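Worksheet for the structure shown next.
The values are calculated or read from the model by the stated rules, or taken from the named source; none is laboratory data. Keep in mind that this is a model prediction, so the values were computed, not measured. Ideal geometry is used to build each Cβ from the backbone, glycine not excepted, and the neighbour counts take in all protein chains shown. Side chains are part of the model used for accessible areas, which takes the heavy atoms of the whole protein and leaves out ligands, DNA and RNA. Shrake-Rupley method; radii C 1.70, N 1.55, O 1.52, S 1.80 Å.
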Amino acid sequence: MKHMPMVTAQQRASAINRLLSTGRIDVLKGAGGLIYRLKDSQGTNVIKGADNQEKLVYQIITDAGNKGIWIRDIRYKCNIMITQLNKILRNLESKKLIKSVKSVAASKKKVYMLFNLEPDQSVTGGAWFSDQDFESEFVEVLNQQCFKFLQQKATAAKEAKQGPIAQRNASYASSKEVCKFITELGISKVQLSVADIETILNTLIYDGKLEMTVVASQSSSAEDSQTKLYRAVTPIMQPAGLMRIPCGVCPVFDRCHEGGAVSPSTCVYMKDWLEF
């Protein structure tokens with residue numbers, strides 16, 4: 001403690017113990033010994049008046065961020081009896097300090113996070129889910145409208161009677177342009193990002209209806225150094241068998257598993273395909 005040469009070891013220990021007891025600092029174990037870290041004053045004020053167990057549970061949930069944490073994991077970290085833990089969670093929820101959110105990964109699984117946080121897409125499923133239900137009709141409408149926009153772009157380029165290279169270049173549209181078109185249509189109740197639209201466009205590529213190219217962007221930003229361009233195409237041959245089954249063009253294929261909100265046993269598209 002070279003920055004406090006006039007403070008004795010006993011005074012230092014007393015001050016540290018008092019700060020720890022009032023919840024103003026955290027103690028961590030570092031490579032060279034113990035490290036003390038000042039706590040967020042806003043978070044300390046929010047939980048002011050709570051007992052040590054409530055503060056511990058609140059801190060565990062805070063550390064989980066917007067992905068949340070399951071009650072079993074909270075119990076493992078705090079080692080509090082389940083009946084007492086449920087009481088603490090209900091108390092924190094009633095004070096609107098935390099909230100429980102159902103996860104699309106498991107229909108009966110709830111995760112806890114701070115009340116003012118927006119859940120991560122891995123929890124809610126993003127734009128393709130509503131109350132844990134996969135919006136298959138919404139996805140189909142988006143597929144149709146994205147393809148229609150690019151078809152109209154290709155038709156306009158053909159009618160312009162330009163050279164073949166100029167015609168081909170004019171038929172392309174960026175994912176940002178497609179996103180702007182979908183937003184202006186007003187068919188979505190949720191705000192769709194460019195990444196969401198690219199997911200839809202990728203399904204059309206897998207279906208053989210679109211092709212994509214990547215060009216260098218004029219933007220100075222490192223994140224926008226490349227631009228994805230899409231255009232409608234006429235398939236030369238039928239797509240492969242894997243692409244013709246529902247799984248081949250499903251935008252939530254990576255979230256499909258038994259027991260989940262999307263699963264092979266409950267997929268209506270898979271059932272229709274098998275019956276066909």
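Out of all the residues in the stretch 36-79, which are modelled with pLDDT under 70 and among the aliphatic types (A, V, I, L, M)?
As a first pass, look at the stretch 36-79 and keep what is modelled with pLDDT under 70: 39-49.
Correct list: V46, I47.
With the requirement that a residue be over 27 Å from F253 (Cα atoms) and open to solvent by less than 20 Å² (accessible area, probe 1.4 Å), what does the stretch 63-102 give you?
Hits for the stretch 63-102 are I74, C78, I80, L85, I88, L89, L92, I98.
Is it true that N143 is over 30 Å from L229 (Cα atoms) and among the polar types (S, T, N, Q)?
It is false that N143 is over 30 Å from L229 (Cα atoms) and among the polar types (S, T, N, Q).
Based on this model, can you work out whether I187 counts as more than 30 Å from V101 (Cα to Cα) and outside the structural domain of E93 (by the TED database)?
Against the criterion (more than 30 Å from V101 (Cα to Cα) and outside the structural domain of E93 (by the TED database)), I187 does not qualify.
Name the pairs: first residue in the stretch 258-274 and part of a loop (DSSP other than H, G, I, E, B), second residue surrounded by fewer than 12 Cβ atoms within 10 Å (Cβ to Cβ), Cβ to Cβ under 6 Å, at least 6 apart or on different chains?
As it stands, the answer is none, since no pair meets every condition given.
When only residues in the stretch 108-136 that are without any contact (Cβ under 8 Å) to a residue 12 or more places away in the chain and of a type in the set (S, T, N, Q) count, which is most open to solvent (accessible area, probe 1.4 Å)?
So, considering only residues that are without any contact (Cβ under 8 Å) to a residue 12 or more places away in the chain and of a type in the set (S, T, N, Q), the one most open to solvent (accessible area, probe 1.4 Å) is N116.
Of the residues V190, V139, V101, V194, which is touching a residue at least 24 places away in the same chain (Cβ under 8 Å) and farther than 30 Å from T62 by Cβ?
Selected residue: V139, the only one of V190, V139, V101, V194 that is touching a residue at least 24 places away in the same chain (Cβ under 8 Å) and farther than 30 Å from T62 by Cβ.
Report whether or not A105 is part of a helix (DSSP H, G or I) and open to solvent by less than 60 Å² (accessible area, probe 1.4 Å).
no
Got at least one residue in the stretch 237-244 being open to solvent by 30 Å² or more (accessible area, probe 1.4 Å), modelled with pLDDT of 90 or more and not β-branched (V, I, T)?
Checking the stretch 237-244: not a single residue is open to solvent by 30 Å² or more (accessible area, probe 1.4 Å), modelled with pLDDT of 90 or more and not β-branched (V, I, T).
Are any of the residues in the stretch 15-35 outside any loop (DSSP other than H, G, I, E, B), at pLDDT 80 or above and not basic (K, R)? First the steps, then the outcome.
Here is the first cut: in the stretch 15-35, the residues outside any loop (DSSP other than H, G, I, E, B) are 15-21, 25-30, 33-35.
Restricting the remaining residues to those that are at pLDDT 80 or above gives 15.
Applying the additional criterion that residues be not basic (K, R) yields 15.
Yes, that holds for at least one residue.
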